Amino acid sequence: MTRDVLASEWTKLRATRSNAWTLVIAAAATLGVTAIVAHAMAAARVPPPSTGPITPLTASFLGYAEYAVLPVSILGALAFTTEYSTGLIRTTFTCVPRRRVVLAAKAAVTGAAALGAGEVLAFVTFFLTQAMLASRHRGVSLAHPGAPRAVLAAGLLLAVAALTGLGLGAIIRHTAGAIAATVGVIYLITALCLLLPAPWNTRIGRFTLPFAAFQLVTGHARAGLLPPGESLLVVLAWPALILLIAAILITRRDP
């Protein structure tokens, strides 16, 4: 049964052409922004610092924040809300009465697809950035301290974004509300933390997704934030908690 549910969810995911086109457009936009940033850093008279918010390593992933993470998180939300809006969810739950199995299958398929796409995009943006910076002897190699972790973490972030959106879609069940909640969890909470006076902006902000993600994609951990290991736990805790709430609610409400 579980294998059939996984196959069904995979069919739903790849049968929707808009999903593939959204990923292609998001990847193209991310690569375009990455190339612009890398060109600007290479053309600058002063070499970029080896530490700080923007380094040759972190520059590889600046395009992720808006042009990859947001579209993928919205696609994750649509994986559930589309079925609710069309009424297909009743058919799904009739065929698979164990609703948590449906949630788990959607999470597994969506998360795996986002992880695969994220890792490919992360390696491409990294090598593109470093190739452009290498012309001015400013790039870093994959053997650079912290570089493997940063690239792998960048790919993981797309899976985290997709699962966050999926969980919120299962909880809210309405497309507009789920998208708004996803944007709020990923961006708005962080923006509100930045408005707080120091040192509370970092003390609270380090538990948000963007702050924790930054610690994973930088070669030099920023002071005041959690170390990379704990930041990874924060990144994973957000979708895990949201999916846990979704698993509780999905069995207590009518479809």
On a 0 to 90° scale, report how tilted helix 2-15 is relative to the longest principal axis of the chain, with both axes built from alpha carbons and the result rounded to the nearest 10. 60
Between Ile25 and Ala108, what is the label-point separation in nm under the 7 Å Cα-to-beta-carbon projection? 3.2
Sort Trp21, Trp200 by heavy-atom solvent-accessible area, probe 1.4 angstrom, most to least. Trp21, Trp200
Here P(r) for region 110-231, Cα-Cα distances in 5 Å bins, as whole percents, is 2, 11, 16, 17, 19, 16, 12, 6, 2, 0, 0
Modelled FRET efficiency - R0 22 Å, His137 with Ile36, Cβ distances, 0.05 increments: 0.60
Once neighbouring chains are kept in place and the probe is 1.4 Å, which whole percent of the accessible area of the chain is contributed by carbon and sulfur? 71
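Can you work out the accessible area per residue across the chain, with the rest of the protein chains kept in place, probe 1.4 Å, in square angstrom?
About 49 Å² of surface per residue is accessible.
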Using just the C-alpha positions of region 1-156 as equal point scatterers, what log10 of I(q)/I(0) does the Debye formula give at each q in 0.21 1/Å? -1.23
In terms of the charge dipole of the chain, which places +1 on Lys and Arg and -1 on Asp and Glu at the beta carbon, the residue among Ala154, Thr218, Ser85 farthest towards the positive end is Ser85
If R0 is 41 Å, what FRET efficiency do you get for Ala43 and Phe93 from their C-beta distance, rounded to 0.05? 0.15
Checking rank on 125-134, 3-12, with mean other Cβ inside 10 Å and highest first, the result is 125-134, 3-12
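The values are calculated or read from the model by the stated rules, or taken from the named source; none is laboratory data. None of these values were measured; they are calculated from a predicted model. In this analysis, Cβ positions are derived from the backbone assuming ideal geometry, glycine residues included, and neighbour counts consider all displayed protein chains. Please note that ligands, DNA and RNA were not included when accessible areas were found on the heavy atoms of the full protein model with its side chains. Shrake-Rupley method; radii C 1.70, N 1.55, O 1.52, S 1.80 Å.
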